[in-house]
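Remarks on the structure that follows.
What follows is calculated from the coordinates using simple rules that are stated; it is not laboratory data. Just so it is clear, the structure is predicted and the values come from calculations on it, not from any experiment. Cβ: placed from backbone, ideal geometry, glycine included. Neighbour counts: every protein chain shown.
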Amino acid sequence: MRSKPLITLGLSFVLAATVAVSASAQDTGAQSQPESASPIIGQVPGYTASTANEEGYWYSRYNMMSLTMQSGLGETFMPDPQQIAMAVQMAGQNPSDPVMVPTNPALLSVVYAGGDPHYVTMGTPMDWQTLRWKGGSSRLTEEATAWTITKEIEWAKMFHVDFHFGTPTDDFGSTQRFAGMMIAMMAKMQLMAFQQNPSGFEASNRGDYAALTAFSDAAGLYGASALPHSTTNRYADSNAAMLATGLARQQFQKVLATTPKNAADLSLGIQSLVWYGTLTDDPSELLSARETVVRWADKLAAKETDNPVDRAYKIRGLIEAGRTTNDPKYLDHAAKTFKALVRGFDEKYGVLRGTKRLEIEGVGEIAGAMNSAMLFLGDRIDQVAAKDTFGKWWEGTVDLSGVQIAAPAIPDFKGAYETNQDPLNLRYPALPLPADAGGQFGIAPVFAASITWKHHAWQADQSNFDTAGAMHTSTEMMWFHNDEVNGFPTPNF
């Protein structure tokens with residue numbers, strides 16, 4: 001388990017990006033049992049559910065960093081020298097801990113919906129120009145842009161946790177604080193790109209809900225006088241706050257006019273209205289938001305779900321409705337669905353019953369459902385069994401499936417202090433290094449677009465990166481540590 005000093009993310013010579021992860025859970029309905037009492041096929045010695053939590057932290061970071069600062073999967077920009085100098089000054093003022101600016105980053109002002117994550121040249125962590133992807137179509141979607149913005153906003157919050165990353169006068173964390181400045185800047189650029197050409201982004205119900213979440217979250221970040229776990233806000237920007245607030249208000253009306261079509265729509269819609277409820281204090285808007293949450297939660301509770309992903313969406317949405325409206329019936333429905341999710345769990349291979357093919361977003365939603373169940377369902381589920389099931393599911397369905405295509409060598413993209421922990425936390429031994437993952441030059445350490453389970457074996461789609469799904473999944477992993485970066489905010493209704 002990471003100690004507090006080890007949570008601080010660092011690159012000794014480049015920008016880093018981070019997310020936080022914590023215990024995530026599932027309920028098998030079985031008797032309580034010790035952690036990982038019965039290993040799955042392929043389990044490495046010493047692996048536990050706690051290991052899974054820590055791996056999730058790093059996998060999430062690898063995906064975010066690779067996409068937004070290295071891949072070139074979109075339109076890129078370079079801040080002018082004055083902006084860089086200002087960011088450096090705000091991030092680090094102690095000569096013993098100078099900010100280390102990366103070589104040739106590719107900061108994204110617009111992010112594409114997906115592409116091939118194979119490298120096009122021999123990569124080296126010292127030069128990010130060598131870490132560009134093969135890429136693909138320049139297709140833009142509301143959903144991919146929104147989840148990328150949310151990921152950047154939440155990540156920026158993590159870099160502003162003073163007890164992990166210090167303050168500008170401390171002798172550690174300057175490069176990470178600088179990374180937070182760059183991430184917050186990218187999110188602003190992406191907000192402006194959307195505002196200037198909203199019709200250029202393919203819309204969908206999921207995209208509408210993801211956008212309301214992103215805009216509400218961004219408005220809160222840029223408009224706050226101080227961020228959680230800090231007495232300051234280095235990202236404060238009244239113009240950016242006004243931009244995000246205006247977009248959120250427009251998006252709120254758009255969301256109210258949507259008709260959710262399935263469990264995913266209902267769940268994501270509920271979650272987006274909760275986020276908007278943290279931004280607005282307008283009584284009429286708050287009433288509409290709450291009434292819509294209740295109406296959609298009633299529909300979600302009544303909806304039959306027969307596969308792991310739909311059940312996960314149902315759990316996630318009902319928990320949001322239950323905890324924010326204080327109606328226990330939604331939590332009761334969530335617990336019932338949770339038990340259905342894990343009933344028949346294959347403890348030999350770490351696979352949920354009914355799993356045939358999982359898109360990356362489905363993997364993230366299952367992880368998010370497990371996490372929220374552990375946080376908010378209390379004794380409605382067996383928490384000890386839930387933790388054990390989570391660990392086995394993670395190792396079987398994430399580590400052994402190839403959904404995380406590769407992982408860097410333990411010293412890469414980290415400060416030396418970060419590696420002073422169980423190596424299993426940093427990378428699963430069966431994962432290849434990026435250079436060895438496939439193709440002539442290797443593949444970035446990111447999530448595959450999908451995994452398929454057949455004849456007790458997995459096959460992963462390594463040639464396609466799904467931006468929306470990967471960023472949504474990475475964000476759910478960050479919200480495992482909700483005591484540091486809270487993905488379950490309290491609305492004003």
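Across the stretch 346-362, coupling constants 3J(HN,Hα) worked out from phi with the 6.51/-1.76/1.60 Karplus curve, θ = phi - 60°, read 7, 6, 6, 10, x, 10, 6, 4, x, 6, 10, 9, 10, 6, 4, 5, x Hz, and Gly and Pro carry x. When peptides 169-181, 185-197 are ranked by their average number of other Cβ atoms within 10 Å per residue, the highest-first order is 169-181, 185-197.
For the stretch 98-109, putting each phi into the Karplus relation 6.51 cos²θ - 1.76 cosθ + 1.60 with θ = phi - 60° gives couplings of x, 5, 9, 7, x, 8, 6, x, 10, 6, 9, 8 Hz, in residue order, rounded to whole numbers and with x for Gly and Pro.
Listed values for the stretch 459-465 are Karplus-derived 3J(HN,Hα) couplings in whole Hz (6.51 cos²θ - 1.76 cosθ + 1.60, θ = phi - 60°), namely 10, 10, 7, 8, 9, 9, 10, and x replaces Gly and Pro. Restriction of the trypsin sites (Lys or Arg not before Pro) in the stretch 198-282 to DSSP coil positions whose beta-carbon has at most 13 other beta-carbons within 10 angstrom yields 261. Evaluated with a Cβ-only charge set (Lys, Arg +1; Asp, Glu -1), the stretch 129-181 carries a dipole of roughly 360 debye about its Cα centre, given to the nearest 20. The calculated 222 nm mean residue ellipticity attributable to helices in the chain amounts to -15000 deg cm²/dmol, summing -39500 (n - 2.57) over DSSP H runs of n ≥ 4 and dividing by all residues.
Only one residue of 222, 187, 163 has its Cα farthest out toward the positive end of the dipole of the stretch 148-288, where Lys and Arg carry +1 and Asp and Glu -1 on Cβ, and that residue is 187. In a simple Cβ point-charge model (Lys, Arg +1; Asp, Glu -1; nothing else charged), the chain has a dipole of about 680 debye relative to its Cα centre. Among the trypsin sites (Lys or Arg not before Pro) found in the stretch 349-400, those both in a DSSP coil and sparsely packed, with 12 or fewer other Cβ atoms within 10 Å of their Cβ, are 356.
Which FRET efficiency value, to the nearest 0.05, is calculated for residue 281 and residue 417 with the Förster distance at 35 angstrom and r the Cβ-Cβ distance?
Details: r = 42 Å, r/R0 = 1.21.
Efficiency, from the Cβ-Cβ distance: 0.25.
Exceedance of the 20 Å cut-off in Cα-Cα distance is limited, within the set 356/392; 299/336; 299/329; 336/387; 151/314; 299/387, to 151/314; 299/387.
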